[in-house]
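Q: Sharing a structure here in structure tokens format.
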Amino acid sequence: MASDPRPLSPHLQVYRWQLTSVLSILHRVTGVALTVGTILLVWWLVSAANGPDSFEAAQGFLGSPIGLLLLFGWSVALFYHLCNGIRHLWWDTGSGLDLPSVYASGWAVLAGTAILTIVAWIAGLASWGL
Amino acid sequence: MRSSLRSPLGRAIGLGSAKEGVEHWWWQRISSIALVPLSLWFVISVIRLAGADLETVVNWLDNPVPAVLFVLLIAATFYHGALGLQVVIEDYVENESAKLAALIVMKLAAFLLAALGIFSVLKLAFVS
């Protein structure tokens, strides 16, 4: 695109970040991360379908520190995208689009993400036998 | 004052929207609605299967309900993910050739991964 050298909008060096824009870009970032992360899910399924040896290797990797870190990041991204996705579906009905509601639902999304992540990991680690 | 931008003649002879063009937006919403319960079910299943051996997983997928839900989860996830990545590529890749190439590679990769995942679930479901 050879157009006039016009300034980028938003002007990133002087842009004052706010909750609304940060949550918006996070929705896209977590969506991309989740889609790339599905490779991990498919790899786990293919390993299981390949037989006990490759499944043990896959389970071993997921239980390793790197595997657990990937799973943790994936779970945070999933819960965030899920909560903020519900917020988007609610907006699609035409509701909650005034500024106070947008901020309130934004904080609710962050709280929901934190609560779901903590509950899931407590339950998951308990189920794993830790 | 007219409440519509469309002309009275256009309305009378039924011109205007072809009732198409919003498929991408619409199917992104449909797949997201499906993914709300499916992804919560998936998280609960992963928690219950934490550290499980293959026999436990096979016994779990022996039941039609988890096997079908897993197939639907994979289909909806890759469909929703491909729709989302399409918008990201369209937004950020300016060169038309590169954009087209990226879209083709992304869509084919989504099909490949979805097929691998669904086939693996079915193999685990039918093996026992």
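Q: Could you bin all the Cα-Cα distances of segment A:68-130 into 10 Å bins starting at 0 and give me the percent of pairs in each, rounded to whole numbers?
A: With a bin width of 10 Å, the distribution comes to 21, 42, 23, 11, 2.
Q: Filter the trypsin sites (Lys or Arg not before Pro) in segment A:5-99 to those in DSSP coil with at most 16 other Cβ atoms within 10 Å of their Cβ, and list the result.
A: Values: sites: A:16, A:28, A:87; in loops: A:16.
For trypsin sites (Lys or Arg not before Pro) across segment A:5-99 that sit outside H, G, I, E and B with at most 16 neighbouring Cβ atoms in 10 Å, the list reads A:16.
Q: Take chain A, mark every one of the chymotrypsin sites (Phe, Trp or Tyr not before Pro) that falls in a DSSP loop and has at most 13 other Cβ within 10 Å, then report the longest stretch left between them, sites excluded. If you can, show how the numbers build up before the last one.
A: On the way: sites that count: A:15, A:17.
Answer - A:18-130.
Q: Moving on. Mind grabbing the base-10 log of I(q)/I(0) for chain A at q = 0.12 Å⁻¹? Debye formula, identical points on the C-alpha positions, no solvent, two decimal places.
A: Calculated log10 I(q)/I(0) at the listed q: -0.66.
Q: Highest GNM mean-square fluctuation, chain B, Cα pairs closer than 10 Å: which of B:39, B:97, B:17?
A: B:17
Q: Which order do you get for B:99, B:123 if you rank them by accessible area with a 1.4 Å probe, largest at the top? Provide the component values of the computation, followed by the final result.
A: Values: B:99 40, B:123 90 Å².
Ranking B:99, B:123 by accessible area, largest first, yields B:123, B:99.
Q: Please compute the average number of Cβ atoms from other chains found within 10 Å of each residue's Cβ in peptide B:116-123. Before the final figure, lay out the partial values.
A: Details: counts 6, 9, 2, 3, 9, 3, 1, 5.
Going residue by residue through B:116-123 and averaging, the value is 5.
Q: Something else: Where the centre of each part is set by its Cα atoms, how far does segment B:1-65 sit from segment A:17-37, in angstrom?
A: The two parts, judged by their Cα centres, are 19 Å apart.
Q: Would you mind getting the accessible area per residue of the protein assembly as shown, heavy atoms of the protein chains only, 1.4 Å probe, in Å²? Provide the component values of the computation, followed by the final result.
A: Working: 15980 Å² over 258 residues.
Solvent-accessible surface per residue comes out at 62 Å².
Q: Which of the helices in chain A meet the span-like rule: DSSP H, Cα axial reach of 20 Å or more, Kyte-Doolittle mean at least 0.0?
A: Working: long enough: A:19-50 (45 Å, 1.48); A:65-92 (40 Å, 0.86); A:99-128 (43 Å, 1.44).
Sorted by number, the helices that extend far enough and score high enough are A:19-50, A:65-92, A:99-128.
Q: Then there's this: Once you put a point 7 Å from the Cα of residue B:44 and another 7 Å from the Cα of residue B:72, both along the Cβ direction, what distance in nm separates them?
A: 1.3 nm
Q: Give, in whole angstrom and from largest to smallest, the semi-axes √(5λ) of the equivalent ellipsoid of the protein assembly as shown, with λ running over the eigenvalues of the Cα gyration tensor. Could the numbers behind the result be given before it?
A: On the way: eigenvalues 289, 109, 83 Å².
Semi-axes (√(5λ), whole Å): 38, 23, 20.
Q: Determine the gain in length on full extension of the stretch residue B:6-residue B:33; use 0.36 nm per residue of separation and subtract their C-alpha separation, reporting nm with one decimal. Can you show the working numbers first?
A: Values: separation 27, 0.36 × 27 = 9.72 nm, distance 3.28 nm.
6.4 nm is the gain from fully extending residue B:6 to residue B:33.
Q: Rank B:64, B:41, B:4 by how far each Cα sits towards the positive end of the charge dipole of segment B:1-107 (+1 on Lys, Arg Cβ; -1 on Asp, Glu Cβ) and give me just the farthest.
A: Of the listed residues, the answer is B:4.
Q: Whole-Hz Karplus ³J(HN,Hα) for segment B:29-40, in order, using 6.51 cos²θ - 1.76 cosθ + 1.60 and θ = phi - 60°, x for Gly and Pro?
A: Once rounded to whole Hz, the list reads 5, 4, 5, 5, 5, 5, 6, 4, x, 4, 6, 5.
Q: Using the 2.2 N^0.38 Å rule of thumb for compact globular proteins, work out how segment B:1-67 stacks up: its C-alpha Rg over that value, please.
A: Values: Rg = 24.0 Å, N = 67, 2.2 N^0.38 = 10.9 Å.
That works out to 2.20 for segment B:1-67.
Q: Here's a follow-up. In whole angstrom, how far apart do the alpha carbon centroids of segment B:89-128 and segment A:59-130 sit?
A: After rounding, the separation between the Cα centres reads 24 Å.
Q: Quick one: which residues, 5 or more positions from residue B:93 or on another chain, have an amide H under 5 Å from its amide H? H modelled 1.01 Å from N in the peptide plane, none for Pro or chain starts.
A: none
Q: Report the FRET efficiency, 1/(1 + (r/R0)^6), for residue A:61 and residue B:15, where r is their Cβ-Cβ distance and R0 is 45 Å, rounded to 0.05.
A: Numbers: r = 59 Å, r/R0 = 1.32.
It comes out at approximately 0.15.
The values are calculated or read from the model by the stated rules, or taken from the named source; none is laboratory data. The structure displayed is predicted, hence computed values, not measured ones. Cβ atoms come from the backbone with ideal geometry, glycine included; neighbour counts cover every protein chain shown. For the accessible areas, the whole protein counts, side chains as well, though only heavy atoms, and no ligand, DNA or RNA atoms are used. Shrake-Rupley method; radii C 1.70, N 1.55, O 1.52, S 1.80 Å.
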